[in-house]
Amino acid sequence: EKGGYDHFMLKEINEQPRSIADCMRGRLDAKNGRLVLGGLRDYMNKFQNADRIIITACGTSWHAGLVAEYLFEEFARIPVEVEYASEFRYRNPVISEKDFVIAISQSGETADTLAAIELAKSKGATIFGVCNVVGSSIARATHAGCYTHAGPEIGVASTKAFTAQISVLTMMALMLGYQRGTLTESKYVQLLNELEGIPVKVEKALKMNSNVEKIAEIYKDSRNFLYLGRGYNFPVALEGALKLKEISYIHAEGYPAAEMKHGPIALIDEEMPVVFIATKDTSYEKVVSNIQEVKARKGKIIAVVTEGDTVVRGMADHVLEVPDTAEAFVPLLSVIPLQQLSYHIAVMRGCNVDQPRNLAKSVTVE
Ligand code: F6R
């Protein structure tokens, strides 16, 4: 059932070209410039005219929500708030009928997310679910939704569900931007084509870093890790850190790279591995300066870069490459080597990768 892999997590990491394609199948047809999400049909009007989009989720799904904040604001120009379900539900949030709430959950059973939905519903907001498990409680509690179709995710650490969530949210943002006219027809078609090519690039990303295990071997006994990224790669930094801590029990923190100098820089010495997500995008130059700052303090640098990058390669101790793509789609690629790195570190440390201590696949109690 593990399809020849040692662990479900590795199987699920490697399934991503297919799970992302499954997620887009029947929805995206770039050749004909078509993108249809059946679940949105009856609510497109509400979505398009929303004053605000509120995204609520927990854990990895919350990280997918953060990526969506960048997507929705860039393409559709609607303000977005991303809320931990556990905080949102208890702070008497300001919600109205003009809000469009998106709840993201792999299992569809997360207690806090479900409670956040009930609260927003009671205030008259429209609730849209992005779930993986068909017929789950959250899928049933929402007004409408879109399944991620990633297939069953058995490993407790979420991998293919995360990229499928981002795929759905990306399609939603593109549809919304196009309908609202904030995204031009030509840009829209160009992005649809790029998105359709993502599964092939994920396949490539999975195979192009034969050095991941070597890097894992070198740093497997580190006590701490820092993950830094900016823009679309900031949520990826959080997700990379979460993947490492939950399965390898190494303390790891993710930060927006610019926040480093407001505190975490004090932690940097020759013992500290710092993972930079430094792909070629609008914040590239800024990330390069942040890398220099870490290097000056003798931190060890592992950088995720765009294929062919030479500048960061010349500065980093190790690089992990991903294929080039549109800036907004980078998280679907840049998270791949981080999933692989945490997997290999956890295996080398003898950890129970699929069922880490103290964690459950669905958190049905608050
Ligand atoms: C991380 C992880 C958790 C879940 C979180 C939300 O790998 O598995 O952080 O992402 O418990 O779960 P869902 O998405 O099922 O609501």
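Run Ser136 past the list (1) open to solvent by 10 Å² or more (accessible area, probe 1.4 Å); (2) out of contact with any Cys (no Cβ under 8 Å at 6 or more places or on another chain); (3) within 11 Å of the ligand (Cβ to nearest atom); (4) not hydrophobic (A, V, I, L, M, F, W, C) and report the number of the one that doesn't hold.
For Ser136, the exception is condition (1).
Please go through the range 19-39 and pick out each residue that is out of contact with any strand residue (DSSP E or B) (no Cβ under 7 Å at 6 or more places or on another chain) and aliphatic (A, V, I, L, M).
Ile20, Ala21, Met24, Ala30, Val36
Against the condition under 21 Å from Ser167 (Cα atoms) and surrounded by fewer than 19 Cβ atoms within 10 Å (Cβ to Cβ), how does Gly129 come out, does it pass?
On the way: under 21 Å from Ser167 (Cα atoms): yes; surrounded by fewer than 19 Cβ atoms within 10 Å (Cβ to Cβ): no.
No.
Looking only at the range 84-105, filter to residues that are under 21 Å from Ser362 (Cβ atoms) and open to solvent by 20 Å² or more (accessible area, probe 1.4 Å); which one of those is farthest from the ligand (Cβ to nearest atom)?
Residue satisfying both the conditions and the ranking: Tyr90.
If we keep just the residues of the range 224-259 that are among the small types (Gly, Ala, Ser), in contact (Cβ under 8 Å) with a residue 40 or more places away in the chain and within 14 Å of the ligand (Cβ to nearest atom), which is farthest from Ala303 (Cα to Cα)?
Once the filter is applied, the top-ranked residue is Ser248.
Within the set of pairs 6 or more residues apart or between chains, which connect a residue that is open to solvent by 10 Å² or more (accessible area, probe 1.4 Å) inside the range 52-64 to a residue that is among the small types (Gly, Ala, Ser) with Cβ atoms less than 6 Å apart?
Matching pairs, first to second residue: Cys58/Ala85; Thr60/Ser158; Ser61/Ser105.
Given the conditions (1) open to solvent by less than 10 Å² (accessible area, probe 1.4 Å); (2) within 21 Å of the chain's Cα centre (by Cα); (3) farther than 21 Å from Thr110 by Cα, report the number of the one that Pro79 does not fulfil.
(1)
Could we say that Gly38 is more than 16 Å from the ligand (Cβ to nearest atom) and within 27 Å of Arg140 (Cβ to Cβ) here?
yes
I'd like the residue in the range 151-167 that is touching a residue at least 24 places away in the same chain (Cβ under 8 Å) and open to solvent by 10 Å² or more (accessible area, probe 1.4 Å) and, out of all such residues, is nearest to the chain's Cα centre (by Cα).
It comes out as Ser158.
What about Thr170, is it among the polar types (S, T, N, Q), in a helix (DSSP H, G or I), under 21 Å from the mean Cα position of the chain (by Cα) and more than 14 Å from the ligand (Cβ to nearest atom)?
Yes, satisfied.
What is the one condition in (1) touching a residue at least 60 places away in the same chain (Cβ under 8 Å); (2) within 16 Å of the ligand (Cβ to nearest atom); (3) not charged (D, E, K, R) that Leu195 does not satisfy?
Leu195 satisfies every listed condition except (2).
Which condition from (1) more than 9 Å from the ligand (Cβ to nearest atom); (2) in contact (Cβ under 8 Å) with a residue 12 or more places away in the chain; (3) not basic (Lys, Arg) is the one that Ser122 breaks?
If we test Ser122 against (1) more than 9 Å from the ligand (Cβ to nearest atom); (2) in contact (Cβ under 8 Å) with a residue 12 or more places away in the chain; (3) not basic (Lys, Arg), just (2) comes out false.
For the range 70-117, which residues satisfy the criterion of being of a type in the set (Lys, Arg) and either free of Cβ contacts under 8 Å to residues at least 40 places away in the same chain or touching a helix residue (DSSP H, G or I) at 6+ places or on another chain (Cβ under 8 Å) (or both)?
The answer is Arg77, Arg89, Arg91.
Determine whether Val101 is aliphatic (A, V, I, L, M), touching a strand residue (DSSP E or B) at 6+ places or on another chain (Cβ under 6 Å) and over 26 Å from Glu246 (Cα atoms). Before you say what the answer is, go through the steps one by one.
Numbers: aliphatic (A, V, I, L, M): yes; touching a strand residue (DSSP E or B) at 6+ places or on another chain (Cβ under 6 Å): yes; over 26 Å from Glu246 (Cα atoms): yes.
In short, yes.
Lys201 - would you say it is more than 29 Å from Arg357 (Cβ to Cβ), open to solvent by 30 Å² or more (accessible area, probe 1.4 Å) and in contact with a Leu (Cβ under 8 Å, 6 or more places away or on another chain)?
yes
Taking the range 208-239 as the region of interest, how many residues are of a type in the set (S, T, N, Q) and assigned to a strand (DSSP E or B)?
Going through the range 208-239 one residue at a time, the tally reaches 1.
The values are calculated or read from the model by the stated rules, or taken from the named source; none is laboratory data. What you see is a predicted model, and the numbers here were worked out from it, not measured in a lab. As a convention, Cβ positions derive from the backbone with ideal geometry for all residues, glycine included, and neighbour counts pool all protein chains shown. For accessibility, only protein heavy atoms count, side chains too; no ligands or nucleic acids. Shrake-Rupley method; radii C 1.70, N 1.55, O 1.52, S 1.80 Å.
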